[in-house]
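Undergrad: Let me give you the structure first, and then I'll get to my questions.
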Number of protein chains: 2
Amino acid sequence: MAQTKFMLDEEEIPKAWYNIQADLPTPLAPPLNPATKKPIGPEDLAPIFPMELIKQEVSTERWIPIPEEVREVYRLWRPSPLYRAVRLERALKTPAKIYYKWEGVSPPGSHKPNTAVAQAYFNMKEGVERLATETGAGQWGSALAFGTRLFGLKCTVYMVHVSYDQKPYRRIMMESWGAECIPSPSERTEYGKKVLKEDPKCPGSLGIAISEAIEDAAKHEDTKYSLGSVLNHVLLHQTVVGLEAKKQFELAGDYPDVMFGCVGGGSNFSGAVFPFLADKLTGKNPELKAVACEPKACPTLTKGLYMYDHGDTARMTPLIMMYTLGHGFIPPPIHAGGLRYHGDAPLLCKLVKEKVVDATAYHQNEVFKAAITFAQTEGILVAPETAHCVKGAIDEALRCKETGEEKIIFFANSGHGHFDLAAYDSYLRGKLIDYEYSSESVKEALKKVPKV
Amino acid sequence: MAQTKFMLDEEEIPKAWYNIQADLPTPLAPPLNPATKKPIGPEDLAPIFPMELIKQEVSTERWIPIPEEVREVYRLWRPSPLYRAVRLERALKTPAKIYYKWEGVSPPGSHKPNTAVAQAYFNMKEGVERLATETGAGQWGSALAFGTRLFGLKCTVYMVHVSYDQKPYRRIMMESWGAECIPSPSERTEYGKKVLKEDPKCPGSLGIAISEAIEDAAKHEDTKYSLGSVLNHVLLHQTVVGLEAKKQFELAGDYPDVMFGCVGGGSNFSGAVFPFLADKLTGKNPELKAVACEPKACPTLTKGLYMYDHGDTARMTPLIMMYTLGHGFIPPPIHAGGLRYHGDAPLLCKLVKEKVVDATAYHQNEVFKAAITFAQTEGILVAPETAHCVKGAIDEALRCKETGEEKIIFFANSGHGHFDLAAYDSYLRGKLIDYEYSSESVKEALKKVPKV
């Protein structure tokens, strides 16, 4: 029997995050002020982010030290296990080896707390007393509720009203950790009041919730804003995943040939893959293949344009250079809510643009079929988002079965699906719809992107 | 910073289960045939259990080997971590050290698969093709669905109808692992048909579901029955928990002074504690204290009588010697559904009777208060059942704070509460009722226990 899990001692939690900006062939295009179209500076971000995170955002240092207090919290679930999916390999009759890094062991159940904890810490160090953020189904909100609690910060989460009503479980998680969870649009902010005045029954949207959280942070001296993906410092914090995985692959005596991760904003994929891509960018391992997996219903990397656009639908953020479907694009209601984002992290987009990273897209039925195969062999019920890269890994293993290649396949198993079982139910009952994205509506949305 | 987690390599998964029957001062009273009041023999059990499990049920061998194929499945999540609750200790300002064994890392999220996997294996070895069982909220049913799947057995779960409708998530888990989940009472069995004829809208009960599952197994040549707690062989399989914990305490350089576990049927408590109690029974460590934690709404060990009674409400099982509130006792609807059992495992009851094990009972509000303290320090949202022994451990740590004792406290953290968040919500909103058990109804129920 081959070894199933590769574990590290908690002393081996990384002591520094890996910053891929140090190894980019050319620097990132800077974010632009939407009014002046000039690059923004630290002073533009200071009202909503603490200085240390602003520094990390633009740093080109290869290694950013992880404070001991953050490593102490990471010990609650890190190092996370690297699994070899022996039973899945056997069921697929593939000569390939399949490995996955399992982030579902964190208390909020995903990779998200890797950055939530770090952000809470740096804010606490600069005297911030409260963090405000937005959440859709609650994945990010619950991670931040957890992270802030451990450093004694207060936390206010603006949760999209329709999710607040329909998906109470993550709201209860947030409240159990002591966070305040507010259905958005709310009467707490000027923007929320304005929206409610126009439409008292507004179900809310992530765009509106972002606007409320930013306004809350900008207006209150003791409060900052926190974002769960897209930004450089968020991707940076997630590299603990890939750094651990590299050590664990050494224990296994293997190194991945091809890596899969799902992409919504890009932090999960980047966290797991960037530390390996370092070897590709520095010429140590030019053959490494990395594939970003996204939904066909929201095909940002596979069908979007590489250009400056707003990060949010409410057009409050700077313009950032990325693949985008247009900030006004509204994707169909697939179950993988975390992958319904019109853009992607600038760092990841640049690597796709430069063909360092590949991208592929799937429909939800084939994705859930892969998730069921995984559940019935390896036991774990993954989140619908994660299921996208399970599909990528299984397809690659089946290709190897045809060619006889003994490839080493890796995927980032970013979280469990305990709060997504209704989606499994729909799949099992044949009720899941494979939405095509509308190229017409993308065309329309792209027209509204400001010219730079 | 003290070490947080004590991990074992997967080679250190125990190679044998510990059978406490070898170390009992006097043997267990035998189960009796309810008609003849004579001890039952293997032939009485053969229609519903495979021979190997019947042998384990009565064995007095100290060590029962764990088959390699079972250990291979255990590798999917075992060895589970032993945690030191450093943050909880700090918050309580206690000089005590608090350790917990975390079983929520299993795919079904609790300790239950430790026996589900073993039972599926031994049935498979004897040519059984399908297992039938009952489930209330779905904790046990999902563990058996998982266990049977990994050995290629079919699984039929009779789920209490009202839970089937109101708590769909564990039903979907079972179906995702390939099990068939049937609302009980059903048209599948004669007993179910009879119940439905009398009351077509019957919401079902665990007693009815047990009867249907046993009838299904007894009637079909290829099918056996499976039980998730109470029986000796179930407790035996759970000792992997305590055996691992003993090795992990060695790594930590500690040994528990006092151990807490919640008790519904008794398999969780017994699995974690029996391997340590071996040291008490054999005189190596006579001072060890072990405390079984139960709800005040169903106080079997603290208020029940030690006598022969049926294991089920439908009076289909043999008579077993145990603490009981009477098989007809219907406990109030507390959220810890797994602790609403009128009896307890005969092995555990005997140890309580002989004062080797202590017992204590709590109300739900104090239990949830402890669970919130735990969640806000250690991150994990435990199941309502588990919360009972979190309460026990916290109280002990606070006593140590007063006395200055540096005790080593252990509790069995048996599972997560991801499907019990509505209970947390009730607690946080002040809507949780502290039910008193009715001593009148216990008196009535005890009157109906057959005389032996």
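Each reported figure results from applying straightforward, stated rules to the coordinates on display, with no laboratory input. Remember, predicted model here, so these are calculated numbers, not experimental data. Heads up, the Cβs are rebuilt from the backbone with ideal geometry, glycines too, and the neighbour counts pull from every protein chain shown.
Undergrad: Express in whole angstrom the spacing between the alpha-carbon centres of segment A:244-276 and segment A:89-116.
TA: Cα centroid to Cα centroid, the span is 10 Å.
Undergrad: So in chain A, what percent of DSSP beta bridges are antiparallel if you round to the nearest 5?
TA: The antiparallel fraction comes to roughly 35 percent.
Undergrad: Hey, another quick one. Of the DSSP beta bridges with both residues in the protein assembly as shown, give the percent that are antiparallel, rounding to the nearest 5.
TA: 35 percent
Undergrad: To make sure I understand, if each residue's beta carbon is the centre and we count other beta carbons within 10 Å, what order do A:Asp312, A:Asp279 fall in, fewest to most?
TA: A:Asp279, A:Asp312
Undergrad: Next question. Among A:Thr148, A:Thr313, B:Thr403, A:Thr300, what is the fewest-to-most ranking by other Cβ atoms within 10 Å?
TA: Sorted ascending by nearby Cβ count, the order is B:Thr403, A:Thr313, A:Thr148, A:Thr300.
Undergrad: Roughly how crowded by other chains is peptide B:418-427, in terms of the mean Cβ count from those chains within 10 Å of each of its Cβ atoms?
TA: 4
Undergrad: Can you classify segment B:69-146 as rounded, prolate or oblate using the Cα gyration tensor, where a ≥ b ≥ c are the square roots of its eigenvalues, rounded means a/c under 1.5, and otherwise it's prolate if a/b beats b/c and oblate if not?
TA: Since a/c reaches 1.5 and a/b is larger than b/c, the shape of segment B:69-146 is classed as prolate.
Undergrad: Can I ask one more? Assuming R0 = 60 Å, what is the FRET efficiency of A:Lys55 and B:Lys353, from their Cβ-Cβ distance, to the nearest 0.05?
TA: The calculated FRET efficiency here is 0.35.
Undergrad: Assuming a ≥ b ≥ c are the square roots of the Cα gyration tensor eigenvalues, decide whether segment A:90-212 counts as rounded (a/c under 1.5), prolate (otherwise, with a/b larger than b/c) or oblate.
TA: oblate
Undergrad: So the label point sits 7 Å from Cα along the Cα-to-Cβ vector; using that for B:Arg62, what distances do you get to the other copies, in nanometres, sorted shortest first?
TA: Sorted ascending, the copy-to-copy spacings read 5.7 nm.
Undergrad: To continue, here is another question. Provide, in order from the shortest bin, the percent of all Cα-Cα pairs of chain A in each 10 Å bin, continuing until the bin that contains the maximum pair distance.
TA: For chain A, the pair-distance distribution reads 5, 22, 34, 28, 10, 2, 0.
Undergrad: Given a Förster radius of 45 Å and the C-beta distance between A:Thr282 and B:Arg90 as r, what FRET efficiency does 1/(1 + (r/R0)^6) yield to the nearest 0.05?
TA: That pair, A:Thr282 with B:Arg90, gives E of 0.60.
Undergrad: OK, next. Using only C-alpha atoms and all pairs of different ones, pull out the Kirkwood radius for segment B:334-414 in Å with one decimal.
TA: Value: 14.0 Å, from the Cα pair sum.
Undergrad: Whole number please: convex hull volume per residue of the Cα set in segment B:193-276, in Å³?
TA: Considering the Cα atoms of segment B:193-276, their hull volume per residue is 118 Å³.
Undergrad: Evaluate peptide B:368-381: per residue, the Cβ atoms of other protein chains within 10 Å of its Cβ; return the mean as an integer.
TA: Partner-chain Cβ atoms within 10 Å, mean over residues of B:368-381: 4.
Undergrad: Just want the ordering: A:His237, B:His388, B:His220, from fewest to most Cβ atoms lying within 10 Å of their own Cβ.
TA: B:His220, A:His237, B:His388
Undergrad: Something else about it: Which shape class applies to segment A:300-372: rounded if a/c is under 1.5, otherwise prolate when a/b exceeds b/c and oblate if not, where a ≥ b ≥ c are the square roots of the Cα gyration tensor eigenvalues?
TA: Oblate is the answer for segment A:300-372, as a/c is 1.5 or above yet b/c matches or exceeds a/b.
Undergrad: Could I ask something else about it? With only alpha-carbon atoms counted, please give the Rg and Dmax of segment A:266-349, in Å.
TA: Rg then Dmax for segment A:266-349, in Å: 14.1, 43.
Undergrad: Over what distance in Å are the Cα centres of segment A:390-452 and segment B:373-406 separated?
TA: Using only Cα atoms to place each centre, the spacing works out to 42 Å.
Undergrad: Give me a single rounded figure for A:64-72: the average over its residues of other chain Cβ atoms within 10 Å of their Cβ.
TA: 1
Undergrad: Moving to a separate point now. With both partners inside segment B:98-232, how many of the DSSP beta bridges are antiparallel, as a percent to the nearest 5?
TA: Around 0 percent antiparallel, to the nearest 5.
Undergrad: Calculate the translational D of segment B:1-44 in whole µm² s⁻¹ from Stokes-Einstein, where the hydrodynamic radius comes from the Kirkwood formula applied to all Cα pairs, the temperature is 4 °C and the viscosity 1.567 mPa s.
TA: 85 µm²/s
Undergrad: Which Cβ of chain B lies nearest the axis of the rotation superposing B onto A, and at what whole-Å distance?
TA: Closest Cβ to the B-to-A rotation axis, residue and whole-Å distance: B:His418, 2.
Undergrad: Going highest first, how would you order B:151-161, B:50-60, A:113-123, A:432-442 by mean Cβ packing within 10 Å?
TA: The most tightly packed comes first, giving A:113-123, B:151-161, B:50-60, A:432-442.
Undergrad: Relative to the other copies, what are the label-point distances for B:Tyr255, with labels 7 Å from Cα along the C-beta vector, expressed in nm at one decimal and sorted shortest first?
TA: So the distances to the same position in the other copies read 4.8 nm.
Undergrad: Please give the Cα centre distance for segment A:168-218 versus segment A:8-76, rounded to the nearest Å.
TA: 27 Å
Undergrad: In chain A, which whole DSSP H runs stretch at least 15 Å along their own axis (Cα) and average 0.5 or higher on the Kyte-Doolittle scale?
TA: Result, helices passing both filters: A:206-219, A:267-281.
Undergrad: For segment B:212-357, taking Cα atoms only, what is the radius of gyration to one decimal and the Dmax to the nearest whole Å?
TA: Spelled out, the Cα radius of gyration and Dmax of segment B:212-357 are 16.5, 53 Å.
Undergrad: Put the label 7 Å from Cα along Cα→Cβ for B:Asn285; what are its distances to the other copies, in nanometres, shortest first?
TA: With the label placed 7 Å along Cα→Cβ, B:Asn285 yields 4.4 nm.
Undergrad: With only alpha-carbon atoms counted, please give the Rg and Dmax of the protein assembly as shown, in Å.
TA: According to the Cα coordinates of the protein assembly as shown, Rg and Dmax are 27.8, 93 Å.
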